[in-house]
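Right, one structure below, let's go through it.
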Amino acid sequence: MSDLTISDMMKMSYDLYDQNKDSWSPMTPEYGKDFILYMIEEIGEVISVIKKKSTQEIMTEGPVRDHMVEELSDVLMYFIDTLNRYHISAEEFSNAYKSKYESNMKRDFKKDHESFIREESV
């Protein structure tokens, strides 16, 4: 597998859930917030790699980079689990992502953040 689609990842999430459904929380919206929290925990693990290892180590093939990619994969897995628990389809998410991208392409980020930049330099 060289490139996964959102649909691929969502199916994999359901497959993994089906294999473990007797011991995992249901694939329902009530548990969505839990998976957001798990995702944040994994983001913390990514941050830990960034804090403890050099950029050079992260950018060079080997155990540090492998660990970084694994932790980022964990973040994405919990994100996909969250989409599934809130029953957000790949198409719905893709449309929202594209719409946000198009909106951002029209933005002037420098102008939007001028006051923040000015406050930061004081």
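None of the figures in this text is laboratory data; all of them are computed from the coordinates on show. Owing to the predicted nature of the structure, the values given are computational and were not obtained by experimental measurement. Here the Cβ positions follow ideal geometry from the backbone for every residue, glycine too, while neighbour counts run over all protein chains shown.
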Check: Hey, got a sec? Which chymotrypsin sites (Phe, Trp or Tyr not before Pro) in the stretch 1-88 land in a DSSP loop and have at most 11 other Cβ atoms within 10 Å?
Finding: none
Next item on the list: Between beta-carbons, use under 12 Å as the cut-off and find the net charge around residue 24, counting Lys and Arg +1, Asp and Glu -1.
Entry: -2
Check: Using a basic spin-label model with each label point 7 Å from the Cα along Cα→Cβ, how many nm lie between residue 59 and residue 104?
Finding: 2.2 nm
Check: Given the options 73, 54, 13, which has the most mean-square fluctuation in a GNM of the chain, springs set between C-alpha atoms less than 10 angstrom apart?
Finding: 54
Item checked: Helix-derived mean residue ellipticity, 222 nm - over the chain, DSSP H n ≥ 4, -39500 (n - 2.57), to 500 -> -24000 deg cm²/dmol
Item checked: Answer label for volume of the Cα convex hull per residue in Å³ (calculated), chosen among [x] 90; [y] 181; [z] 112 -> [y]
Next item on the list: Please identify which residues in the stretch 33-60 have an amide N closer than 17 Å to a label point set 7 Å out from the Cα of residue 17, following the Cα→Cβ vector.
Entry: 33-39
Note to self: What does the extension gain come out to for residue 86 and residue 45, with contour length at 0.36 nm per residue minus their alpha carbon separation?
What the structure shows: 12.3 nm
Item checked: With Cα atoms, 0 to 90° folded angle of helix 6-20 axis to the chain main axis -> 40 degrees
Check: What ³J(HN,Hα) values, in whole Hz, does the Karplus curve 6.51 cos²θ - 1.76 cosθ + 1.60 give for the stretch 86-93 when θ = phi - 60°, with x put for Gly and Pro?
Finding: 8, 6, 8, 6, 4, 5, 4, 5
Check: Between the helical axis of 32-52 and the dominant principal axis of the chain, each derived from Cα atoms, what acute angle in degrees is found, rounded to the nearest 10?
Finding: 50 degrees
